[in-house]
Amino acid sequence: MKVLFIQNNGIQESIGVANLSGILKANGHQTDLLLVSHTPDLIGAIKQYDPNLIAFSALTGVHHSIQRLAVSIKQQLNVPIIVGGPHPTYSPEMIHQPGIDIICRGEGEHAMLELADAMEHSRDVTQIRNLHVKTRNGTIHQNPIRPAVPLDELPPPDRELYYKYKF
């Protein structure tokens with residue numbers, strides 16, 4: 001699976017995104033990151049990477065711009081979009097926004113890994129804990145949140161995602 005993280009809240013490194021990328025890469029998936037502030041042709045860059053899944057981490061306050069980006073991406077590309085982070089955790093109604101297919105509530109490391117594995121093997125994704133999944137017909141599957149995972153059981157964060165950007 002190829003997962004593309006898109007960050008639109010500046011150039012600050014996100015430990016959440018680095019953790020998600022770390023667990024995905026440790027389990028054989030490919031990841032990359034686009035910073036909106038450093039990507040003049042966002043749609044072109046997405047097309048070039050050709051992801052199977054696009055992922056955003058949403059803080060309250062930037063969630064509106066993520067919603068607009070998701071709609072813009074969906075108008076041009078047919079790629080599933082997941083949004084995790086604090087905003088969907090506390091405001092799960094975000095799943096009802098156009099352009100957003102999945103939200104993750106709570107910690108996303110195991111949910112994202114399970115999602116990537118299921119998508120890679122064309123398995124059902126509607127029962128993955130921590131995820132709310134909107135199907136093509138508009139049905140929303142709201143799954144319970146799994147217990148927290150001790151951070152020392154996770155692979156190291158993938159900070160290399162940020163190395164290509166000059167801060």
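The values are calculated or read from the model by the stated rules, or taken from the named source; none is laboratory data. None of these values were measured; they are calculated from a predicted model. Heads up, the Cβs are rebuilt from the backbone with ideal geometry, glycines too, and the neighbour counts pull from every protein chain shown. Accessible surface areas use protein heavy atoms only, side chains included; no ligands, DNA or RNA. Shrake-Rupley method; radii C 1.70, N 1.55, O 1.52, S 1.80 Å.
Could you tell me how many cubic angstrom of Cα convex hull volume region 49-119 has per residue?
85
Over region 20-164, what is the relative contact order in whole percent, taking alpha-carbon pairs under 8 Å and six or more residues apart?
Normalised by residue count, the contact order of region 20-164 is 23 percent.
For the residue pair Q127 and K25, what label-to-label distance in nm results when each label sits 7 Å from Cα along the Cα-to-beta-carbon direction?
3.3
Collect residues whose amide H, placed 1.01 Å from N in the peptide plane, falls under 5 Å from the amide H of L53; neighbours closer than 5 in sequence don't count.
Under 5 Å from the amide H of L53: K2, L4.
With the full set of protein chains in place, find how many percent of the accessible area of region 1-136 is carbon and sulfur; take the probe as 1.4 Å.
The nonpolar share, carbon plus sulfur, comes to 48 percent.
Only Lys, Arg, Asp and Glu count, each charged at its Cβ (+1, +1, -1, -1), so figure out the dipole size of region 57-130 about its Cα centre, rounded to 20 debye.
On the way: 5 positive and 8 negative charges, 60 e Å.
Roughly 280 debye for region 57-130.
When Rg is the radius of gyration of the Cα atoms in region 127-167 and Rh is its Kirkwood radius, what does Rg/Rh come to?
Value, to two decimals: 1.21.
Residues of region 87-145: accessible area per residue at 1.4 Å, in Å²? Before the final figure, lay out the partial values.
Values: 3020 Å² over 59 residues.
For region 87-145, the solvent-accessible area averages 51 Å² per residue.
Restricting to Cα pairs below 8 Å that are 6+ residues apart, what does the relative contact order work out to for region 1-98? Please round to a whole percent. Before the final figure, lay out the partial values.
Details: 122 pairs, mean separation 31.6, N = 98.
Relative contact order here is 32 percent.
For the chain, what is Rg from Cα atoms divided by 2.2 N^0.38 Å, rounded to two decimals?
Normalised Cα radius of gyration, the chain: 0.95.
What is the dipole size for the chain, taken about its Cα centre, with +1 at each Lys and Arg Cβ and -1 at each Asp and Glu Cβ, in debye to the nearest 20?
Working: 14 positive and 16 negative charges, 89 e Å.
With only Lys, Arg, Asp and Glu charged at Cβ, the dipole is about 420 debye.
Mind checking which lysines have their C-alpha under 28 Å from K74, skipping anything on the same chain fewer than 8 residues away?
Straight-line reach from K74, under 28 Å: K2, K25, K47, K134, K164.
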